[in-house]
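Throughout, read-outs are computed from the coordinates displayed, never taken from laboratory work. As the structure is a computational prediction, the values presented were derived from the model and not from experiment. Here the Cβ positions follow ideal geometry from the backbone for every residue, glycine too, while neighbour counts run over all protein chains shown.
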Amino acid sequence: MAVVTQVLGSEWTKIKSVRSTVWTLGVALVVTVALGVLISALVNNEYDRMSVRDRLVFDPTYVSFTGMGLGQLALIVFGVLVVTNEYSTGMIRTSLAAVPQRGIFLFCKIAIAGALALAVGMVTSFLTFFAGQAVLDGHRASIGDPGVARAVVGGGLYMTLIAVFSMGVAAMLRGPMLALGILMPFFFLISNILATVSATEKIAEYLPDKAGQKVMQVVLTDDTSPYGPWGGFGIMLLWVAAALAGGYAVLKKRDA
Amino acid sequence: MIEAVGLTKRYGAKTAVHNLTFQVRPGMVTGFLGPNGSGKSTTMRMILGLDVPTAGRVTIGGRPYRELPNAPRQVGALIDAKAVHGGRSAYHHLLSLAQLSGIPARRVDEVLGVVGLQDVAKRRSKGFSLGMGQRLGIAAALLGDPQVLLFDEPVNGLDPEGILWVRNLMKRLAAEGRTVFVSSHLMSEMALTADHLIVIGRGQLLADMSVEDFIAANSAGFARVRTPDGEPEGREKLTSALVEAGGQVLPEPDGALRVTGLALPRISDLAHAADIRLWELSPHQASLEEAYMRMTQAAVDYRSTQDARAGFQQPAPGYAMPGAPVPPGWGGPGGYPVLPGEQPNPYAQQPPAPPQQAPRQPAPGQQAQPPAPQDRAAAAPPPPPVAAPPSGEAPPAPAAAPAPAAPEGAAAPADLTKRDSEDAR
């Protein structure tokens, strides 16, 4: 379809011609890798003092991904800005006047931004894995170990889905402040709090980030989890699909 | 050709556009006039399929916008000059729009040249002035070389050279046989640019006529006559003499008389015959701006009230006090009565006739004492008369038929002459 190619080209021009793209994606990469390396180094020093139980469930792959908890926030900002820039500048009217098929417009935008997030997410995931393992020295995992390749690829996919989920939510909320004000505390605080409080632990397992992070674990710490690595990833996919459906419904129905 | 039929848009209880029916024809510039908040932009957005009408429909070339094949090649629009990502350069902004519509990239350089932005094309648009933003918006509208062009307030923020450029651009586009629909709240600008006018107020059609008709109907001449201050008897004598001779006389706020139906030499002769000295006898032309204001004043949403400054000290002497005589030539509370020889506006919404109130200004001669501060606070102007019923339910619709039928003295807008004295300034 000619329209789809046109919109994809246009969205690519839009995304590469603003600085926030480079900034947010750059920060996501740097923060994730730097924090991953730092924590890997700290854990490496602590390893000899760790209890036997802790050593048994020691997951060098997952340790090197620790920085993602903070790095994902930059991806959320990226996803939110990609969508809400249209609204905060008023550009959305010009865009929708040019592409009256709103579904094509939204999903092409998300496809381009999602593809970019995937590229950056994969690079970040592999970088942080290899850098983290280099620091972990004697306790390192190898990419050839069972489940490790899946975890590293899963890390890149996880970062992509976080960004796409944010785009869907931003399409529903339209304003950058509102979208960031909900997403940031949710992923940074609420989801973590819910996961630590025993009463809400079970609920937290079904939140998009907690479920999605399962795919990055190689050593499964508890067998009580109701789903496996890809099962958790599937739950996250459902969240993303719901956010996108909501965003599409809002764009379709409301006046621009 | 843009065609709206019974176009209505409600936002909750607020009716933004009510039952608009009009046509915008190709080959001419059609001006779309109305005060702020009268529904111009809402109408524009509905034409572009951005907002869905609550009722009615609007089509371009017989089809709703969203069903037009390759719409951006047929319709170009400037909706909001500021609708640009500040971090993106003018070139990339236009390039992304060109790509959206499958327009080759070299067209971007062409339109940048047309609007004169080629030298700043690679600069981030954050630093653009409002005028440069308008040029960028016009460039975006021209991208697809469309047959139908919509411009929402294109001259806002432009310098005189820019305004002239926009004016000529519109005319040229229309001369090429395109449909050009330009909104503005400046009557003077539209009188120079447009061939046809569509005037709305509070979302309703007030006029749909050619500019020539509008001028013919609305710009009647009159004479201003002033007798010496402090001699009211001379003024009365002159008034009766003028009326006797067949003229129409209306008092002006500053004590002068507005005379129609008599030539200037005749007025002079009559005054001479009645042995009355004149301080002023001057010819005047009611401006189009005035006619437009009169037409839309009942439909103005945002009206300023006088700043009573009740909490402050009494101003220094020399300040014009509220209630002091208005300087001459300052369209006063007498307002803009419909003059003989001009057509009353057949589309004007009829507000509930308020009781004719005496002009607030004291008669010249009896100089008003500056009121004490608390009195002034109490004398703060009354809220402006509500000219239309609350817009919750549909207000009584004026005849929305676009045909500029000859108004048979219908809707004699006596109440339109009433004007809140304070907002005259």
task = Find the relative contact order for segment B:2-213 and round it to a whole percent, using C-alpha pairs within less than 8 Å whose residues are 6+ positions apart.
result = 31 percent
Cα gyration tensor category, rounded, prolate or oblate, for segment A:128-256 with a/c compared to 1.5 = prolate
request  = Please list, in chain and number order, the residues 5+ apart from B:Ser89 or on another chain whose amide H is under 5 Å from its amide H, with Hs placed from the backbone.
outcome  = B:Ser125
task = State, to one decimal in nm, how far the label point of B:Thr54 lies from the label point of B:Leu264, with both points 7 Å from Cα in the Cβ direction.
result = 5.2 nm
ask   = Any idea what angle helix A:102-136 forms with the longest principal axis of chain A, computed on alpha-carbon atoms, 0 to 90 degrees, nearest 10?
value = 20 degrees
key: Karplus-derived HN-Hα couplings along segment B:129-142 (A = 6.51, B = -1.76, C = 1.60, θ = phi - 60°), whole Hz, x at Gly and Pro   = 6, 4, x, 5, x, 4, 5, 5, x, 5, 4, 4, 5, 7
message = Would segment B:219-293 count as rounded, prolate or oblate if I go by the C-alpha gyration tensor, calling it rounded below 1.5 in a/c and otherwise prolate when a/b exceeds b/c, oblate otherwise?
response = prolate
task = Using amide H atoms built 1.01 Å from N in the peptide plane, name the residues 5+ places from B:Leu206, or on other chains, whose amide H lies under 5 Å from its own.
result = B:Val199, B:Ile200, B:Gly201
ask   = Counting only other chains, what is the mean number of Cβ atoms within 10 angstrom of the Cβ of each residue in peptide A:82-90?
value = 3
query = Karplus couplings for segment B:66-77 from phi (6.51 cos²θ - 1.76 cosθ + 1.60, θ = phi - 60°), rounded to Hz, Gly and Pro as x?
reply = 5, 9, 5, x, 6, 3, x, 7, 9, 10, x, 9
ask   = So how tilted is helix A:2-16 from the main axis of chain A? Cα-based, degrees 0 to 90, rounded to 10.
value = 60 degrees
inquiry  = Just to check, using Stokes-Einstein with a Kirkwood Rh over alpha carbon pairs, what's the diffusion coefficient of segment B:75-122 at 10 °C and 1.306 mPa s in µm²/s?
reply    = 142 µm²/s
remark   = Rounded to a whole number, the mean other protein chain Cβ count within 10 angstrom for residues of B:47-59 is 2
task = State the Cα centre-to-centre distance between segment B:211-281 and segment A:158-175 in whole Å.
result = 71 Å
request  = Calculate how large, on average over all directions, the projected area of the Cα convex hull of segment B:128-248 is; give the answer in nm² to one decimal.
outcome  = 12.4 nm²
query = 222 nm [θ] for chain A, helices only, -39500 (n - 2.57) per DSSP H run of 4+, per residue, to 500?
reply = -25000 deg cm²/dmol
ask   = Magnitude of the Cβ-charge dipole of segment B:2-213, K/R +1 and D/E -1, about the Cα centre, nearest 20 debye?
value = 760 debye
ask   = Between rounded, prolate and oblate, where does segment B:61-186 land on the alpha carbon gyration tensor, with a ≥ b ≥ c its root eigenvalues, rounded for a/c under 1.5, else prolate if a/b exceeds b/c?
value = oblate
inquiry  = Can you work out the Karplus-derived ³J(HN,Hα) for every residue in segment A:189-198? Use 6.51 cos²θ - 1.76 cosθ + 1.60 with θ = phi - 60°, whole Hz, and x for glycine or proline.
reply    = 10, 4, 4, 5, 5, 4, 6, 8, 6, 5
remark   = So the angle from the long Cα axis of helix A:229-253 to the longest Cα principal axis of chain A, reported in degrees to the nearest 10, equals 20 degrees
key: 11 Å cut-off, amide nitrogen to a point 7 angstrom out along A:Ser88 Cα→Cβ, residues in segment B:87-122   = B:87
remark   = Mean projected area, convex hull of alpha-carbon positions in segment A:2-253, reported to one decimal in nm², is 14.1 nm²
query = Can you give the mean number of other chain Cβ atoms that lie within 10 Å of the Cβ atoms in peptide B:66-73?
reply = 3
message = What is the distance in Å between the Cα centroid of segment B:18-82 and that of segment B:133-178?
response = 16 Å
key: Entries of A:Lys14/B:Lys171; A:Lys210/A:Lys252; A:Lys253/B:Lys40; A:Lys16/B:Lys122; B:Lys40/B:Lys171 with Cα pairs more than 24 Å apart   = A:Lys14/B:Lys171; A:Lys210/A:Lys252
request  = Pop a pseudo-label 7 angstrom from the Cα along the beta-carbon direction at both A:Ile190 and A:Ala241 and give the gap in nm to one decimal.
outcome  = 2.3 nm
remark   = The Rg/Rh figure for segment B:2-213, Cα atoms and Kirkwood Rh, to two decimals is 0.96
note = Rounded to the nearest 5, the percent of DSSP beta bridges in segment B:2-213 running antiparallel is 50 percent
remark   = Mean Cβ-within-10 Å packing, highest first, puts peptides B:196-204, B:226-234, A:41-49, B:9-17 in the order B:196-204, B:9-17, B:226-234, A:41-49
ask   = Using 7 Å Cα-to-Cβ label points, what is the B:Lys237/B:Asp109 separation (nm, one decimal)?
value = 8.1 nm
